[in-house]
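No lab work stands behind these numbers, since they all come straight from the coordinates. Remember, predicted model here, so these are calculated numbers, not experimental data. Counting neighbours? That spans all protein chains shown, and the Cβs are built from the backbone with ideal geometry, glycine included.
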Amino acid sequence: MRAALHAEWTKLITVPIYYPALIVLLTVGLSVTASVFGGEDPVQVSLLGVQLGQAVVAAWAVQLLAGEFGTGLALATFTALPRRLTVLAAKTALLLTGVLGAALLSVGASVLAGRALIGDYPALSSGPLLRAAGGAVLYLLAIALLGLGVAAVLRSPVAATGTILGLLYLAPVIIDFFHNPDWQRAIFRSMPSTAGLTVLSTVDLASLPVQPWPGLGVAATWAFVTFGIGAAVICARDV
Amino acid sequence: MTMLRAEWTKLRSATGWLAGLIGAAAVILGLGVLAAFGVTTSCGEQEGADCPHPPTGPSGQAVNDHFSFVHQPLTGDGTITAHVADFTGIITYPPPDHDQIVEGLVPWAKAGLIVKDGTKPGSAYASVLVTGAHGTRMQHNFTEDHSGPAAARWLRLSRSGETIRGYASADAVDWTEIQSVRLPGLPQTVQIGLFVASPSNVTAKAGAHGGSIVQARFTQATAVFDQVSATGSWTYDNVGDEPAMQTDWEQFHQAEGFTTADGRLTVTGTGDIAPAGQEGGPTITFTLAGLIAALLIVIVVAVLFITAEYRRGLIRTTLAAMPHRGRVLTAKAAVIGAAVFVAGLVATAVTLPLAGHVLRARGNFLLPVPTGTLLRIIVGSAVLLALTAVLAYAIGAVLRRGVPAVALAILAVIVPYLLATTSVLPTTAAQWLMRVTPAAAFAVQQALPAYPQVGKPYTPTDGYFPLPPWAGLLVLAAWAAAILAFAVIRTRRADA
Amino acid sequence: MTETIEVSGLHKRFGATVALDGMTFTAPPGTVTGFVGPNGAGKSTTMRVILGLDRATGGTALVGGHRYPDLDRPLTHLGALIDANALHPGRSGRNHLLWMAHSQGLGAGRVDRVLEMTGMRTVARRRAGGYSLGMRQRLGISAAMLGDPPALMLDEPFNGLDPEGIVWMRSLLRDLAAEGRTVLVSSHLMAELQDIAGHVVFVGRGRVLRAATKDSLTAEFGSLEAAYLELTRGEGALR
């Protein structure tokens, strides 16, 4: 495992990596813009950037794993490190560490910007704010795991990017098109982005179809199950 | 031309891409029909077609037609003149505190003279009126509005055959003709008289969990008319009123109605004479649920169409066969755009009528949409798909790498739409997103026009976009063209 | 230390296509074993199965008596060149070798030594995406030599080499065998192996048609070329 981590680390730093910078840039950028406009739920407004940041997190995960299949590099990787789960574990550990760093930075900066820009912003020590901020970081980690899972199953970097971003972005839009409240609630509760992002809400929680922590649980379930399937596929399939 | 054929052959012969296009068309059809089956209308005890729905105006659109009407028949030509001596009203629980009933008129409260083809809601009419805050107006047949002198309080309406003229005056001496309009098919005998209407006080606020929440509050207006030229006996009708929907105010304080004393006619009314908006019911647009999913597939297909060439080195073969790099890139763009357009057009042309049929067959009401608008949505959605394909392709040609290209295209087209329609962003920010980003092209989906003479918040959440459909498409086209041009310039300079 | 490559009874199918149909042979140390057959005969698949990249449905493939995926630091046992294009175009050749070295617990010193040996030192810091096919083959050989392994396995190493490169490759393979290493080299062109192979395995349709020393084959058929034509007659049809 140590050698695998060392190898994956070397791989990571020997090509330009834009993803962590992009995560911070897009997340903080949209959060600050939204904070300038304000809204009903100051905390959620100040963390709106997570909507953009998650795309970069997902793309990074896909690039890290499916990108190797796209270039054929996977062949060299699995020749040097034939224990496939070790490779996956090393990649996952590095990605989650990177996403954690970028997410902490983005969420921290977004919260500080929100506090500076929005009038009735809650105190930094308030429970709902801490839950939303911590939840945002956990949510981004879940998306990273989900991205790895989808990439492991699909292997085509482009198809994997399309699939995971579809999973994240289609649900909230399509809900609006279904004029059936039962369906709308069912979709909202079961999709990773709609359910998971309820963790950012701090007001009028009673009207949410799913509560913040259970909602994040839905996203986490998606992440773990997809990652598990991906790991099984990586082990079973020919490279 | 040969270039186009070569690129088409490439697209056609690679099964993955073709499957993607067919999948995109299938998802539009599938989700559209699914969305149609998902709708069940019910209202209290009743279901489906028995539910009340807005009346239909002379040109086929859904309308609001609720007002207090003091009228008498007019056979043949004639003129009525009146002075609006007083115009007051109440607004229930307005912002900011929503805690009391205040005196006042909403900007589009209406009092004036009207000629109408009977008292049936939705029938043809022409009216000249004073408003709460928009001066005098001449309005007819729900959608048409023309402004007159702001300070005038004297109104005159004259009928001559099918032609109605509206006048306003400040002193009953100098009269300004506001407008002359034709009401085709107006019968010999019409109802003429005084009317008062007061639309709801409406505000939209950002929802705590995204989207916007529209709040409508009951209002009522009272106008005192004197110097009314017409004599004879008056009949009162509360046109379009639903007694079951009466507010406490109407039941216990002041009902709509009409009194007369000393030649002064006092009319109290609520409601509006105006085109109905999205609140009147669903439009056919929502059966385009699959369009977003199709956009995603199209983005993937278009990006693969170019990045696969770079990755496998096929581009060297392509460029060796066709050395004009700029033209090759453009030809490829044209091919992917055209292929997506055709696939999209087939899908939308089948889906909208079919889903509409399913909805109606299951007893649901759909707001009527003119055939021209329907055609525009069908063709425009296909153009939206095609331009998105070209945009994604161009991004792929610039970046030459699939993952960032797909992500960027989705962030450019789909995410702004998502943020504008479902996020916690306020309406102004949402409208800016729908003006400047490639997502502006979603304006082609707008089924109902926004009317300046209706005091309603028209938000992207409710399906109203800040740009007209063609302008929205133009914004997307400009983005696609600019990025494609950048790709062409870069390809000329860089090595393949 | 010597390590023999032993393949016995390998079976592998891709859907309805039988790729390996009881492939059995041994590549002994101290000699170049030519692995020869028409395109689609199963040469690459056999090599991928040996490396654990593809999973065989039956049979065993052992390197020095062990399954490759069970080896600790596998590149120090068997070096392989399967696909010279299996690299990230944005990473320099040297960094490509560096992550691989790290995966085996080796350092940068070993990287520079193999780069020197393959004549890649001058271009090693350039982006691999700009390499010619010949340079990629040399980089691939460098990767195979990274762990100084007692056994080497090269798939079509002559592809894309210029005449000078072909001469270099031949003498390299001969020298490696002379050092007592096991060298398995696949090719669909007999001429490339004419002078260097001490042992030849002819394959077709997923199984061994004939395995013998060059001397016995030359005695029987007159030349390796003639042996190839005779043995693979009717096997070359594309399936």
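Summary of values
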{"item": "GNM top mover of C:L152, C:L139, C:L176 - chain C, alpha-carbon springs below 10 Å", "result": "C:L176"}
{"item": "Centroid-to-centroid separation of the range C:184-200 and the range B:50-129 [C-alpha atoms, Å]", "result": "96 Å"}
{"item": "Förster radius 22 Å - calculated FRET efficiency between B:A216 and B:L354 (Cβ-Cβ, nearest 0.05)", "result": "0.05"}
{"item": "In degrees, nearest ten, helix A:2-13 long axis to first principal axis of chain A (Cα)", "result": "70 degrees"}
{"item": "Fraction of alpha-carbon pairs over 34 Å apart in chain C - percent", "result": "13 percent"}
{"item": "Burial ordering of B:D65, B:D241, fewest other beta-carbon atoms within 10 Å first", "result": "B:D241, B:D65"}
{"item": "Nitroxide proxy distance, nm - points 7 Å out along Cα→Cβ at A:V225 and A:L205", "result": "2.5 nm"}
{"item": "Dipole magnitude (debye, nearest 20) for the range A:2-236, charges at Cβ of Lys, Arg, Asp, Glu", "result": "780 debye"}
{"item": "For the protein assembly as shown, alpha-carbon Rg and Dmax in angstrom", "result": "37.2, 135"}
{"item": "Net charge, B:A152 excluded, C-beta distance under 13 Å - Lys, Arg +1, Asp, Glu -1", "result": "0"}
{"item": "Between the range B:419-496 and the range A:98-131, the Cα center-to-center distance that results, in Å", "result": "31 Å"}
{"item": "Cross-link pairs B:K116/B:K456; B:K10/C:K12; A:K91/B:K10; B:K120/B:K456; C:K43/C:K214 - those with Cα-Cα distance over 30 Å", "result": "B:K10/C:K12; A:K91/B:K10"}
{"item": "FRET efficiency, B:F252 to B:T189 (Cβ-Cβ, R0 45 Å, nearest 0.05)", "result": "0.75"}
{"item": "Crossing angle, helix B:402-422 versus chain B [Cα axis fit, 0-90 degrees, rounded to tens]", "result": "10 degrees"}
{"item": "Rg(Cα)/(2.2 N^0.38 Å) for the range A:184-224, N = residue count", "result": "1.02"}
{"item": "Neighbouring partner chain Cβ atoms per residue of C:85-93, average, 10 Å criterion", "result": "6"}
{"item": "Cβ-defined net charge surrounding C:H11, 15 Å radius [Lys, Arg +1; Asp, Glu -1]", "result": "+3"}
{"item": "Residues B:V303, B:V202 arranged by fewest to most Cβ contacts within 10 Å", "result": "B:V202, B:V303"}
{"item": "Sorted by Cβ neighbour density within 10 Å, fewest at the top, the residues B:T56, B:T259, B:T268", "result": "B:T259, B:T56, B:T268"}
{"item": "Virtual spin-label span in nm between C:A178 and C:Q194, 7 Å along Cα→Cβ", "result": "2.1 nm"}
{"item": "Shielding by partners - mean other protein chain Cβ count within 10 Å, residues of A:43-56", "result": "3"}
{"item": "Packing-based ranking, highest mean first, of A:231-238, B:222-229 given that Cβ atoms within 10 Å are counted", "result": "B:222-229, A:231-238"}
{"item": "Rounded tilt (10° steps) of B:2-13 against the dominant C-alpha axis of chain B", "result": "90 degrees"}
{"item": "Kirkwood hydrodynamic radius (C-alpha pairs) into Stokes-Einstein, the range B:63-275, 10 °C and 1.306 mPa s, D in µm²/s", "result": "91 µm²/s"}
{"item": "Using θ = phi - 60° and Karplus 6.51 cos²θ - 1.76 cosθ + 1.60, couplings along the range B:245-259 (whole Hz; Gly, Pro as x)", "result": "9, 5, 7, 4, 4, 5, 6, 10, 10, 8, 7, 5, x, 7, 10"}
{"item": "Amide H within-cut-off set for C:L154, under 5 Å, with H built and near neighbours excluded", "result": "C:L81, C:L184, C:V185, C:S186"}
{"item": "Around C:M169: net Lys/Arg minus Asp/Glu count, Cβ-Cβ under 14 Å", "result": "-3"}
{"item": "Shape box of chain B [Cα atoms, principal axes, largest first, Å]", "result": "95, 50, 43"}
{"item": "Distance between modelled label sites at B:Q72 and B:H146, nm, 7 Å Cα→Cβ extension", "result": "2.8 nm"}
{"item": "Taking the range B:63-275 and dividing mean pair separation by its residue count, relative contact order in percent (alpha carbons under 8 Å, at least six apart)", "result": "31 percent"}
{"item": "Among C:H102, C:H199, C:H66, residue whose mean-square fluctuation peaks in a GNM of chain C (springs only between Cα atoms under 10 Å)", "result": "C:H102"}
{"item": "Potential extension, C:I166-C:D148 segment - 0.36 nm per residue separation minus Cα distance", "result": "4.3 nm"}
{"item": "222 nm mean residue ellipticity, helices alone, for the protein assembly as shown (DSSP H n ≥ 4; -39,500 (n - 2.57); rounded to 500)", "result": "-15500 deg cm²/dmol"}
{"item": "Inter-chain Cβ neighbour average for residues A:163-170, partner chain, 10 Å", "result": "6"}
{"item": "Average Cα contact separation per residue, chain A, under 8 Å, 6 or more apart, as relative contact order %", "result": "24 percent"}
{"item": "Using θ = phi - 60° and Karplus 6.51 cos²θ - 1.76 cosθ + 1.60, couplings along the range B:210-224 (whole Hz; Gly, Pro as x)", "result": "x, x, 10, 9, 8, 10, 10, 10, 4, 9, 8, 10, 10, 10, 10"}
{"item": "P(r), alpha carbons of the range B:18-162 - 5 Å bins starting at zero, rounded %", "result": "2, 7, 12, 13, 13, 12, 10, 8, 7, 6, 4, 3, 1, 1, 0"}
{"item": "Pair-distance profile P(r), taking every C-alpha pair of the range C:53-132, with 5 angstrom steps and integer %", "result": "3, 13, 20, 23, 17, 12, 8, 5, 1"}
{"item": "Percentage relative contact order, chain B, counting C-alpha pairs under 8 Å, at least six apart", "result": "19 percent"}
{"item": "Sites A:D182 and B:I101 - FRET efficiency at Förster radius 51 Å, r taken between beta-carbons, to 0.05", "result": "0.85"}
{"item": "Shape category assigned to the range B:353-496 from the gyration tensor of Cα positions, a/c cut at 1.5", "result": "prolate"}
